[in-house]
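> So that we are looking at the same thing, I have put the structure below in structure tokens.
Derivation of every value follows stated rules applied to the coordinates shown; laboratory data play no part. Keep in mind it's a predicted model, so treat the numbers as computed, not measured. In this analysis, Cβ positions are derived from the backbone assuming ideal geometry, glycine residues included, and neighbour counts consider all displayed protein chains.
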Amino acid sequence: MSDALKAPILSLILLFAVLGIWEGITPTVKDAAEMTEYELLMGGASQEARVPPPSAIAAKAVEELSDPFYDNGPNDKGIGIQVAYSVYRVLSGYFFAALVAIPLGFLIGMSPLAYKALDPFIQVLRPISPLAWMPLALFVIKDSEASAIFVIFICSIWPMLINTAFGVANVRQDWVNVARTHELSNLKTAATVILPAAAPTILTGMRISIGIAWLVIVAAEMLVGGTGVGYYVWNEWNNLDLTSVIFSILVIGVVGMLLDTIFAQVQKVVAYHE
Amino acid sequence: MTIKSFGNPYDGDVDLRHGKSCTCDTCSNHKHASTGSDEHREALVEPAQAAPHRDFDEPNHAAMDSDEALSHMVESAVVRSVFGHNEISRRAFAKMVGGGTLAAALGSIFPMEAAKAAIAESLGKPEKTKLNVGFVPITCATPIIMAKPLGFYEKYGLDVDVIKTAGWAVARDKSLNKEYDAAHMLTPMPLAITMGAGSVAEPYLMPAVENINGQAIVLHTDHLDKNDDPSKWKGFKFGVPFEYSMHNFLLRYYVAEFGLDPDVDIQIRVVPPPEMVANLRAGNLDGYLSPDPFNQRAVWEKVGFIHKLTKDIWDGHPCCAFACSAEFAETLPNTYGNLLKALIDATQYASPAENRAEIAEAIAPKNYLNQPVPVISQVLTGRYADGLGNIKDVPDRIDFDPFPWHSMGVWILTQMKRWGYIEGDVDYKGIAEQVYNAADATSIMKSLGLETPNKTYQSYEIMGKTFDPDQPEAYVDSFAIGKGS
């Protein structure tokens, strides 16, 4: 048997072993057959919130995924709609960030002067937790939807900016010199020589950014509420419904993985070998 | 009862405090009748009487109808607040320039007619029918929430989306951003927002209280041995839902009565209500004074027990309210009026015990409170387990009463002063009357055929101590523990 086949089989065995142990050690709680009124009002032993067994989570997943787009009013929507809201916010914030970061990164990478002038700002702004911007954004922008998008913007801009600058600055000087001997304009050099040469580094930055954006959107939505997968987690947490919380954690993981996979594919397209 | 508050506010000879020198007819009649008490409360309202009249020069208060009473009340409040509630300067000024000039001058800077028209006797069609109203998922918001599934908004021609909000800081910001047309707020919040305490200053109105009572002090089950005596709570970490909340002020009041300084001896943290139980379970908090259903939920989860219902601290205290910006009320008077009517109608429907079970079912689903029905119904019916092995029967554990007493506003302001949230001279009555829109509540309650109180100030008995709304500053100074005194 080849290694390519062995690895997934090993993964599956590991998964089922962990789930089996989890299921096994989760105690099943039964209520007493006859409860006094006090016990009824206390909810009985079975009502208490506790970590659910994997079978309960699987059942919850089947229930949620069989009707992912239901809409019972503004505060209760299916998981599919929630994920769509989150992805929409992430992509719009991310799009604006790319629009700013890539041209600015080009500028910084091509001009050592611009690099030196902007570096202090980048170094101060970059380490700020995106959520720290939230109260300020809510106050200044006066719109919670736009604030959430702004937070995504501000967190995804830095890896793209820095990677673009780095990629552009490190394009082999020989290639730029060749372009110069062909008397290409600066703009044409940037588009036909530097961009393709720096593309893999830029894409790495974009891939890091989308990962961060997805991490941040969940926290931002827990704060602002309304819609999105972060709100879904918060709403279920309020109800101490751990089954739904774990289910949504899995959904967040899977969507994050899909977003990353898309960028990994694009990265392959622009890669080159010298 | 005689009506005192409607002395013509533009007349320099009338004393709106109705003191010794007042020449208004009620006072002069009164002086003939009894030579004693010259101290009268301001703003006693007893409208709904005979023929209307609109003559400023011959104030015949007894013949004032409710419209008249309303417009006089608004005018009087505005005029008095312009003069910083200083009767002497108001009267001196009115005499100097003449009442008509004063009326015209004030009218030019304050849209008197607009303020009076904020709510009309017969409401027209709402200018805007699609509204967003924010709520924090707690039983205090019952009228705001249930008005949706039980059709109260629809009944008054409104299509309202009730939007769940994570906490009050976000609720405040979304209201100030105008994402919400109106919102469920804590009774101190509109006062704080209007004064710009912990927020940008924006004139807010609070035309209706949602619930009275309905909160509790919950302790972690680890502290069963400290249930008997709050003075043992030194070093505890307590949660309250917001700084400007009755919860904060009642908890501070309560522990201070047991000799603990809430700023030194215990730690008070702001925790959004929905996160209370999770924090209590994690040991982040030793207890909290929070809105239901999270007190009952702590019992249900077996992590806490109910130490005391706030009803037993101050029976009938206000908690949450319906609030909106003054701008909303002025620019969309019919929308505002219909919304207020829907909510007051829902509030009075929520009060009788026989409706409570139906309401519990209606507000428990995921779209609203997202809590188990048995937890909600224990809160609303008042038959509940306290977590100590007892079943209690307290039908008015939570009750619903829309009338925004000005004295409630004054009490809240005294506590804000006491604990240093506001400083300097506070115009207690002026602010309470500006924000707690008793006139609108009165006129809507009347149109629904509900009984309305004939005054807007009353005194309260809180843990054996009497609060007199006429002596707010003395009340603040009477406490041994506090920052403001």
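> Quick one: in the range A:232-274, of everything that is hydrophobic (A, V, I, L, M, F, W, C) and touching a Lys or Arg at 6+ places or on another chain (Cβ under 6 Å), which residue is farthest from the other protein chains (Cβ to nearest Cβ)?
A:Phe263
Here's the yes/no breakdown for (1) surrounded by fewer than 21 Cβ atoms within 10 Å (Cβ to Cβ); (2) assigned to a loop (DSSP other than H, G, I, E, B); (3) hydrophobic (A, V, I, L, M, F, W, C):
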| position | (1), (2), (3) |
| --- | --- |
| B:Thr442 | no, no, no |
| B:Met445 | no, no, yes |
| B:Glu451 | yes, yes, no |
| B:Glu461 | yes, no, no |
| B:Phe479 | yes, yes, yes |
| B:Gly482 | no, yes, no |
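> How many residues are facing chain A (nearest Cβ under 8 Å), buried (at least 18 other Cβ atoms within 10 Å of the Cβ) and in a loop (DSSP other than H, G, I, E, B) if we restrict to the range B:378-393?
So the count comes out to 1.
> Within the group B:Ala197, B:Ala208, B:Ala216, B:Ala201, which residue is of a type outside the set (Lys, Arg), under 23 Å from B:Trp405 (Cβ atoms) and either within 14 Å of chain A (Cβ to nearest Cβ) or assigned to a loop (DSSP other than H, G, I, E, B) (or both)?
On inspection, the qualifying residue turns out to be B:Ala197.
> Follow-up question, since we're still on this one. Going residue by residue through the range B:328-345, is there one that turns out to be crowded, with 19+ Cβ neighbours inside 10 Å and not in a helix (DSSP H, G or I)?
yes
> Residue pairs, Cβ under 8 Å, 6 or more apart or interchain, first in the range A:197-215 and of a type outside the set (D, E, K, R), second not in a helix (DSSP H, G or I). List them.
A:Ala197/A:Val171; A:Ala197/A:Arg172; A:Ala198/A:Asn170; A:Ala198/A:Val171; A:Pro200/A:Ala271; A:Pro200/A:Tyr272; A:Thr201/A:Asn170
> Next question, about the same structure. So, in the range A:176-199, how many residues would count as being in contact with a helix residue (DSSP H, G or I) (Cβ under 6 Å, 6 or more places away or on another chain) and closer than 27 Å to A:Ile152 by Cα?
2
> State all residues of the range B:151-194 that are in a helix (DSSP H, G or I), over 21 Å from B:His317 (Cβ atoms) and more than 13 Å from every other protein chain (Cβ to nearest Cβ); if no residue qualifies, say none.
If the condition is that a residue be in a helix (DSSP H, G or I), over 21 Å from B:His317 (Cβ atoms) and more than 13 Å from every other protein chain (Cβ to nearest Cβ), then B:Phe152, B:Glu154, B:Lys155 are the ones that fit.
> Given (1) within 14 Å of another protein chain (Cβ to nearest Cβ); (2) assigned to a loop (DSSP other than H, G, I, E, B), where does B:Pro274 come up short, assuming only one miss?
Going through the list (1) within 14 Å of another protein chain (Cβ to nearest Cβ); (2) assigned to a loop (DSSP other than H, G, I, E, B), B:Pro274 breaks only (2).
> How do the pairs read when you match residues in the range B:358-377 that are within 10 Å of another protein chain (Cβ to nearest Cβ) with residues anywhere that are of a type in the set (Lys, Arg) and not in a loop (DSSP other than H, G, I, E, B), using Cβ under 7 Å and keeping only pairs 6 or more apart or on different chains?
B:Gln371/B:Arg297; B:Val375/B:Arg297
> Look through A:Val90, A:Val62 and report the one residue that is over 21 Å from the mean Cα position of the chain (by Cα) and outside any strand (DSSP E or B).
Result of the check over A:Val90, A:Val62: A:Val62.
> Right, next: Every residue in the range A:117-161 that is hydroxyl-bearing (Ser, Thr, Tyr), closer than 22 Å to A:Arg207 by Cβ and surrounded by 13 or more Cβ atoms within 10 Å (Cβ to Cβ), please.
A:Ser156, the sole residue that qualifies.
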